[in-house]
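Engineer: Supplied in C-alpha cells, the structure appears directly below.
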Amino acid sequence: TVYRASTTAPVNIAVIKYWGKRDPKLNLPTNSSLSVTLAQSDLRTHTTAACSTLFPAGQDTLLLNGAAQDVSGARTQACFRELRALREALEAQDPQLPKLAQQPLRIVSENNFPTAAGLASSAAGFAALVRAIADLYQLPATPTELSRIARQGSGSACRSLFGGYVAWEKGTAADGSDSLAYEVAPASHWPDMRALILVVSAAKKGVSSTTGMQATVATSSLFAARANDTVPARMRDMASAIKAKDFAAFADLTMKDSNSFHACCLDTSPPIFYMNDVSRAAVRAVEAINAAAGKTVAAYTFDAGPNAVVYYAAEHEAAVAGAFKAVLAGTEGWSGARGEAVAADEK
Ligand code: DP6
C-alpha cells in the first residue's frame, strides 16, 4: 500500500518582523512577530506526502518543483523526526493502526509562483510539508500544535499554517514548547484589505535571513531596544489595530516596523542592505499616495530583499495603481496577493 495526503500552504508576509534568534537550532526568536495572508493570495506551495514499505528502505526523498532536494539537513530532519514521534505515539495507543512512522517518506512539492521571483518560499514550503505529513499520519494536531514543528523548518513557516492575521508568540521555554503561532483574525475579518507585491528584483537575496539575523544579534546596538521594547509594544498595538480594522494604525505600525528592521540591518557589521533605489522609490510612492489622500490609505513593508509589499484599502485601489505606474518602470512587475496579476503589462 502507498499512503498519501496532499495540502497547500500560503506565503505569509510579516508586518511585525521576526529578526533574531535566541536559539538558532530550534529557531526560537528574540521577539514575537505578526503576519498577514490575504484570502485572495495565490502564492502557495502544494505538497503531497506519501509513505510505503514499497519505497527503498531508509530513504526519505523530497522533490521541489521537480528537483531532488537534500533531506539530510537539520531543519528537514527535525520536522520528520517530530512528526514520526507523534505518529509513533498514536500507533502505540492503537495497535490496529498501520505502522506508518517507520516507512520511508516521499514528499513532492510545487510552488505555484516562480521560484526565482525573490519571494520568501521557505515559509510556505515547510508549512505545507508539515501539514501534509501530519495529514498522512492522521495526527489530531491543531495548526498551533503543528506550528511548533514547522518553526523548526523555518521560523516564519510557523505562521503559514494559518491564513489571515497570525501572531507567532516568541515564548520563553528553552525547549520551544511555547513558541507557537496563533490566529489573531481570519482574512474574512477585514474584507477591504488588499496587498500587492512589487517584484523589484527576482534575483536571489544577497544575505540569507538566517545568516543576516545572526549577524544583527551579534553586532547591532539598536537590536536590543527593538527586541525588548519596540516590538512587544507594537505586537499589542497591531493586534488592536487589526481587531478594530483601523487601517491608519495598521499601516503606521507596518511601515515603522519595516523601517526599524532595516535600520537594524544597516546597524549590523558589516552592514546589510536589503532595500535598493527602487525600494526607496516605492516608499516615496506610498508617502505620496497618503499625502494626496490626506490620510494613511497605503503601507509598505520589505523583507530580506528589495521587493515591496504594499497594503491598501480597497477603495483606494485606483490611487495605488496610478502611483505605482511610475515605480514599475524600474521593476520586474508586480503580482497580486489580491488574486490577479496587476499591471505587469503596463511596464
Ligand atoms: C525578514 O523565517 O526565513 O522575512 O528561521 O532562519 O528560516 P529562518 O528565517 P526566516 O526569516 C524571515 C525573516 C523576515 C521577517 C519575517 O518573515 O518575520
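Engineer: Determine whether the stretch 54-75 contains at least one residue that is of a type in the set (Phe, Trp, Tyr), modelled with pLDDT of 95 or more and in contact with a helix residue (DSSP H, G or I) (Cβ under 8 Å, 6 or more places away or on another chain).
Structural biologist: Filtering the stretch 54-75 down to residues of a type in the set (Phe, Trp, Tyr) leaves 55.
Now drop any that are not modelled with pLDDT of 95 or more, which leaves 55.
The next check asks that each one be in contact with a helix residue (DSSP H, G or I) (Cβ under 8 Å, 6 or more places away or on another chain); those that pass are none.
The answer is no, given that none of the residues of the stretch 54-75 is of a type in the set (Phe, Trp, Tyr), modelled with pLDDT of 95 or more and in contact with a helix residue (DSSP H, G or I) (Cβ under 8 Å, 6 or more places away or on another chain).
Engineer: Also: Quick check: anything in the stretch 206-222 modelled with pLDDT under 95, assigned to a loop (DSSP other than H, G, I, E, B) and touching a helix residue (DSSP H, G or I) at 6+ places or on another chain (Cβ under 8 Å)?
Structural biologist: There is at least one residue in the stretch 206-222 that is modelled with pLDDT under 95, assigned to a loop (DSSP other than H, G, I, E, B) and touching a helix residue (DSSP H, G or I) at 6+ places or on another chain (Cβ under 8 Å).
Engineer: State all residues of the stretch 14-42 that are at pLDDT below 95 and under 11 Å from the mean Cα position of the chain (by Cα); if no residue qualifies, say none.
Structural biologist: If we filter the stretch 14-42 for residues that are at pLDDT below 95, which is where we start, we get 37-42.
Of everything in the stretch 14-42, just one residue is at pLDDT below 95 and under 11 Å from the mean Cα position of the chain (by Cα), namely 37.
Engineer: Further question on the same structure: Please state which of the following conditions residue 108 fails to meet, knowing it meets all the rest: (1) within 16 Å of the ligand (Cβ to nearest atom); (2) in a strand (DSSP E or B); (3) more than 30 Å from residue 233 (Cα to Cα).
Structural biologist: It fails just one condition, (1).
Engineer: Return yes or no: is residue 268 in contact (Cβ under 8 Å) with a residue 12 or more places away in the chain and outside any helix (DSSP H, G or I)?
Structural biologist: Numbers: in contact (Cβ under 8 Å) with a residue 12 or more places away in the chain: yes; outside any helix (DSSP H, G or I): yes.
Against the criterion (in contact (Cβ under 8 Å) with a residue 12 or more places away in the chain and outside any helix (DSSP H, G or I)), residue 268 qualifies.
Engineer: Please indicate, with yes or no, whether at least one residue in the stretch 132-143 is under 30 Å from residue 313 (Cα atoms) and more than 11 Å from the ligand (Cβ to nearest atom). Steps first, please.
Structural biologist: Filtering the stretch 132-143 for residues under 30 Å from residue 313 (Cα atoms) gives 143.
When the remaining residues are screened for being more than 11 Å from the ligand (Cβ to nearest atom), the result is 143.
Scanning the stretch 132-143, I find at least one residue that is under 30 Å from residue 313 (Cα atoms) and more than 11 Å from the ligand (Cβ to nearest atom), so the answer is yes.
Engineer: Given (1) more than 16 Å from the ligand (Cβ to nearest atom); (2) surrounded by fewer than 17 Cβ atoms within 10 Å (Cβ to Cβ), identify the lone condition not met by residue 196.
Structural biologist: (2)
Engineer: Among (1) at pLDDT 95 or above; (2) over 24 Å from residue 44 (Cβ atoms), which single condition is residue 330 missing?
Structural biologist: Every condition holds for residue 330 apart from (1).
Engineer: Here are some conditions: (1) closer than 19 Å to residue 223 by Cβ; (2) without any contact (Cβ under 8 Å) to a residue 24 or more places away in the chain. Residue 287 meets all but one. Which one does it not meet?
Structural biologist: So the condition that residue 287 fails would be (1).
Engineer: Further, regarding this structure: Working carefully through the options 173, 239, find the one that is small (Gly, Ala, Ser), in a helix (DSSP H, G or I), more than 15 Å from the ligand (Cβ to nearest atom) and modelled with pLDDT of 95 or more.
Structural biologist: Details: 173 fails: in a helix (DSSP H, G or I).
Among 173, 239, only 239 is small (Gly, Ala, Ser), in a helix (DSSP H, G or I), more than 15 Å from the ligand (Cβ to nearest atom) and modelled with pLDDT of 95 or more.
Engineer: Now for a separate question. Which of the residues spanning the stretch 166-180 are surrounded by fewer than 21 Cβ atoms within 10 Å (Cβ to Cβ) and in contact with a Gly (Cβ under 6 Å, 6 or more places away or on another chain)?
Structural biologist: Listed by number, the list holds a single entry, 178.
Engineer: Which condition number does residue 58 fail, the rest of (1) outside any loop (DSSP other than H, G, I, E, B); (2) out of contact with any Phe, Trp or Tyr (no Cβ under 6 Å at 6 or more places or on another chain) being met?
Structural biologist: (1) is the only condition that residue 58 fails.
Engineer: Right, another one. Considering only residues that are among the hydrophobic types (A, V, I, L, M, F, W, C) and surrounded by fewer than 18 Cβ atoms within 10 Å (Cβ to Cβ), look in the stretch 79-104 and name the one that is farthest from residue 49 (Cα to Cα). Steps first, please.
Structural biologist: Just the residues of the stretch 79-104 that are among the hydrophobic types (A, V, I, L, M, F, W, C), to begin with: 79-80, 83, 85-86, 89-90, 92, 97, 100-101.
Narrowing further to those that are surrounded by fewer than 18 Cβ atoms within 10 Å (Cβ to Cβ): 85, 89-90, 92, 97.
Working: 85: 16, 89: 20, 90: 18, 92: 22, 97: 18 Å.
Selected residue: 92.
Engineer: Kindly indicate the residue of the stretch 146-168 that is within 13 Å of the ligand (Cβ to nearest atom) and not in a helix (DSSP H, G or I) and also nearest to residue 236 (Cα to Cα) among those meeting that condition. I'd like the intermediate steps shown before the answer.
Structural biologist: Kept after step one, since they are within 13 Å of the ligand (Cβ to nearest atom), are these residues of the stretch 146-168: 147, 150-160, 166-168.
Within this subset, residues satisfying the condition of being not in a helix (DSSP H, G or I) are 154, 166-168.
Values: 154: 24, 166: 13, 167: 10, 168: 12 Å.
Looking at the filtered set, the residue picked out is 167.
Engineer: Test residue 95 against the criterion of being without any contact (Cβ under 8 Å) to a residue 12 or more places away in the chain and either assigned to a loop (DSSP other than H, G, I, E, B) or of a type in the set (S, T, N, Q) (or both), and give yes or no.
Structural biologist: Working: without any contact (Cβ under 8 Å) to a residue 12 or more places away in the chain: yes; either assigned to a loop (DSSP other than H, G, I, E, B) or of a type in the set (S, T, N, Q) (or both): yes.
Answer is yes for this residue.
Engineer: Please find, among 304, 263, the residue that is at pLDDT below 95, closer than 24 Å to residue 233 by Cβ and within 15 Å of the ligand (Cβ to nearest atom).
Structural biologist: Working: 263 fails: at pLDDT below 95.
It is 304.
Engineer: Let me ask you something else. Just checking, does the stretch 120-140 include any residue being farther than 18 Å from residue 48 by Cβ, of a type outside the set (Ser, Thr, Tyr) and assigned to a helix (DSSP H, G or I)?
Structural biologist: At the first step, the residues of the stretch 120-140 found to be farther than 18 Å from residue 48 by Cβ are 120, 122-123, 140.
In the following step, the residues that additionally are of a type outside the set (Ser, Thr, Tyr) were identified as 120, 123, 140.
Next, only the ones that are assigned to a helix (DSSP H, G or I) stay: 123.
Yes: the stretch 120-140 contains one or more residues that are farther than 18 Å from residue 48 by Cβ, of a type outside the set (Ser, Thr, Tyr) and assigned to a helix (DSSP H, G or I).
The values are calculated or read from the model by the stated rules, or taken from the named source; none is laboratory data. Bear in mind the structure is a predicted one, so any value in this text is a computation, not a measurement. Virtual Cβ from ideal backbone geometry, glycine too; neighbours counted across all protein chains shown.
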